[in-house]
């Protein structure tokens, strides 16, 4: 199976299956000299780990990270950073009833057709548990971006099923298990999830993620566009079916006089383009929104076929997230951070010596280069 690595200069490779002994990753290209400890990565892993509330899968995993290489005396060495996250609470027997059936909306069918073999234990490589590797790599990227460029990557749950969540404060995002930016919305979210879980069904979600303090100039103008790489990274997350940059699909109904972000000496007057113009960062906040589909593993009986092509019904038992979007915020943050550090390094490699003929307009930051 190819396709287990992403990134150009900051390259992340992952391995492992949901019910195998462990997940692991290699981050190649992290600059040397960054202060890094397991605790830096663990903080991010703890934000996405299962079993944190009754509204997510009850699989019990500590998600304890072990750094195997690339860090010496508390600092990155510039060599490959290898890490391991062991699986501790697999229950493969939960999948014995569906080993020869295909869950509608799941990768069961396409994996078997592509590879001729299928790991039915928890979905194998298709499991959303693979995102532990992305979150670990993203923790490294986020720390470097903050230390080097004062760029902060943060996200929140914007919609749970039909419930839209108003943005009130970043402070409340870390104070509830939904990553909701409005604390007053949490009781309604809990009641909705309780009803959903009891019904045996699932729902989708929308997550917004933002990079604040962005410099001007990251990204390439044609095939290495910053927005294109962000979109690809977000679409690689399990269950993501839609990605918007800035105004996204709302721009269809906007006129040019409204959508174009007018500029003044004091700064941009809007950010419909999501902080990216022509594939290159403008110095505004980079704003991204992702849509996650409902979980495929549900208790309700559904029509499908088995490995012989016969018509059957399927009911999925075991431990599953009724809404994968509840734990998706740190995953989306991680993917955005990995794309940004990759483009920061690419920009530094080619353009560190460039002196633009004009100063960035107010609110937009010039790249700091290699200081």
Sequence ranges 140-151, 184-195, ranked by mean other-Cβ count within 10 angstrom, highest first: 140-151, 184-195
How high is the relative contact order of the stretch 247-371, in percent, with contacts defined as C-alpha pairs under 8 Å that are six or more residues apart? 23 percent
Checking rank on 275-288, 14-27, 328-341, 298-311, with mean other Cβ inside 10 Å and highest first, the result is 328-341, 275-288, 14-27, 298-311
Round to the nearest 0.05 the FRET efficiency obtained for residue 359 and residue 43 when R0 = 45 Å and r is the Cβ-Cβ distance. 0.80
Subtract the Cα-Cα distance of residue 201 and residue 300 from 0.36 nm times their separation in residues, and report this length gain in nm to one decimal. 35.0 nm
C-alpha long axis of helix 38-48 to longest principal axis of the chain, angle in °: 60 degrees
Using only Cα positions of the stretch 131-247, each an equal point scatterer, no hydration layer, compute I(q)/I(0) via Debye at q = 0.13, 0.22 Å⁻¹ and quote the log10 values to two decimals. -0.65, -1.45
Mind pulling up the Rg/Rh value for the stretch 206-301? Radius of gyration and Kirkwood radius, both on Cα. 1.07
Could you line up 293, 255, 49 from fewest to most neighbouring Cβ atoms inside 10 Å? 255, 293, 49
Counting every C-alpha pair in the stretch 101-185, the percent lying more than 17 Å apart is 67 percent
Work out how much length residue 171 to residue 72 would gain on full extension: take 0.36 nm times their residue separation and subtract the Cα-Cα distance, in nm to one decimal. 32.2 nm
For the stretch 60-182, calculate the relative contact order in percent as a whole number, restricting contacts to Cα pairs under 8 Å that are 6 or more residues apart. 13 percent
In nanometres, the difference between 0.36 nm per residue of separation and the alpha-carbon distance of residue 113 and residue 188 is 22.8 nm
Mean residue ellipticity (222 nm) of the chain, computed from DSSP H runs ≥ 4 via -39,500 (n - 2.57), nearest 500: -7500 deg cm²/dmol
In Å and on Cα atoms, what radius of gyration and Dmax does the stretch 165-209 show? 11.4, 33
So for R0 = 35 Å, FRET eff. of residue 311-residue 241 from the Cβ-Cβ r, to 0.05, ends up at 0.85
Relative contact order (percent) for the stretch 5-351, with alpha-carbon contacts under 8 angstrom and 6 or more residues of separation? 22 percent
Nearest 10, in degrees from 0 to 90: the angle of helix 329-351 to the longest Cα principal axis of the chain is 40 degrees
In degrees between 0 and 90, to the nearest 10, how far off the longest principal axis of the chain does helix 186-199 point, with axes built from Cα atoms? 30 degrees
Ordering of 154-166, 342-354 by packing [mean C-beta count within 10 Å, highest first]: 154-166, 342-354
Kirkwood-based shape ratio for the chain, expressed as Rg/Rh from alpha carbons: 0.98
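Quick note: the coordinates plus some simple rules give every number you see, no bench work behind them. Note that the structure is a prediction, hence the values are computed from the model and not measured. Positions of Cβ are generated from backbone atoms using ideal geometry, with glycine treated the same way; all protein chains shown enter the neighbour counts.
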